[in-house]
1. For the pair D184 and N140, how long in nm is the line joining their label points, each one 7 Å along Cα→Cβ?
2. Restrict the search to region 1-77; then list the trypsin sites (Lys or Arg not before Pro) that DSSP places in a loop and that have at most 16 other Cβ atoms within 10 Å of their Cβ.
3. For region 9-60 and region 87-119, what is the centre-to-centre distance using only Cα atoms, to the nearest Å?
4. Which chymotrypsin sites (Phe, Trp or Tyr not before Pro) from region 174-222 combine a DSSP loop assignment with at most 13 other Cβ atoms within 10 Å?
5. Straight-line reach from K37: which aspartates and glutamates fall under 12 Å, measuring Cα to Cα and dropping same-chain residues less than 8 apart?
6. Region 1-88: Rg/Rh from Cα coordinates, Kirkwood Rh?
7. More than 16 angstrom separation, counting every C-alpha pair in region 171-222; what % is that?
Amino acid sequence: MPRSIWKGAISFGLVHIPVGLVSATSSQGVNFDWLDKRSMDPVGYKRINKATGEEIDRENIVKGVEYERGQYVVLNDDEIRAAHPKATQTIDIFAFVESSEIPLPNIEKPYFLAPDKRGEKVYALLRETLVKTGKVALANVVVRTRQQLAALMPLDDALMLVMLRWPSEVRGLDYLDLTDAVKDVKLSKGELDMATRLVDDMTTSWQPEEYRDNFQDRIMELVEEKAENGEIESVDKDETGPEERRASNVTDLTELLKRSLAGKPAAKGGKSSGSSDDSKGGGKSGGKSAAKPAAKTSSTRKKASGG
């Protein structure tokens, strides 16, 4: 059974469907750690005062929102906590829409919804109802301390919860300031026919095994090649001084490989689009419905994030 990152229930009228939220994506890519080239010691991050360049302690840091240029309103942790939405542990469905109504730019990150043992039948009921009607459920959900807009939709035998960007977070096409040279262009029938023929010639089916992050593959091939040639630097903490450590010879390549690559993800194939639980993430689409949402406006001059 996959690990749920959140447990709660879908609230559908008077019906509650117990579910767990499971990430539908895995983090891909190469992690480059910072190392001091003189000693190969790991390099960390410091809290630096941007004006003085001096390092400061955590207790001297406060959180502020820029109200006007150079003018900040400071909020303490209690005030920020009080503003967080109340976690109800429910996915509150408030409307059903056609999947085509949700704009593609609003789609942020997909999750699977795993049914609880007590709720399989009602889980299946909601799934089949969405399939039959061709609708997508819009819902509000609080995960950790963040309130999110989401679309609940069927995918084969399962239900998915796709987190959506708030409409105010998505720019409209007027942001591009497109001119008439793009919007009102005159194209000949011959140009359109040739372009259409090219599309027809290149049309194929979705083949996920063919879509790989080539950069990740090349980097991991280079890592393997250099490791096999003994080009490995140890960053383990030991009693050896920096001078001795730099001068030490590689005596047991197998052991150094194990220690140096411990905890590093093996090279995997995947699409180079993005997402993950908390980092780069990407979403996949497929199944019985696809999604798209409406637009939200914001009156605040700047958006603050605290936590």
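Read-outs throughout are calculated quantities, based only on the coordinates presented, and are distinct from any laboratory measurement. All of these numbers come straight from a predicted model, not from anything done at the bench. Ideal geometry is used to build each Cβ from the backbone, glycine not excepted, and the neighbour counts take in all protein chains shown.
1. Here the answer is 4.4 nm between the modelled labels.
2. Numbers: sites: R3, K7, K37, R38, K46, R47, K50, R58, K63, R69; in loops: R3, K37, R38, K46, R47, K50, R69.
For trypsin sites (Lys or Arg not before Pro) across region 1-77 that sit outside H, G, I, E and B with at most 16 neighbouring Cβ atoms in 10 Å, the list reads R3, K37, R38, K46, R47, K50, R69.
3. Taking the Cα centre of each part, region 9-60 and region 87-119 sit 25 Å apart.
4. Within region 174-222, the qualifying chymotrypsin sites (Phe, Trp or Tyr not before Pro) (loop, at most 13 other Cβ atoms within 10 Å) are W206, Y211.
5. List returned: E233.
6. 1.14
7. Roughly 71 percent, once rounded to a whole number.
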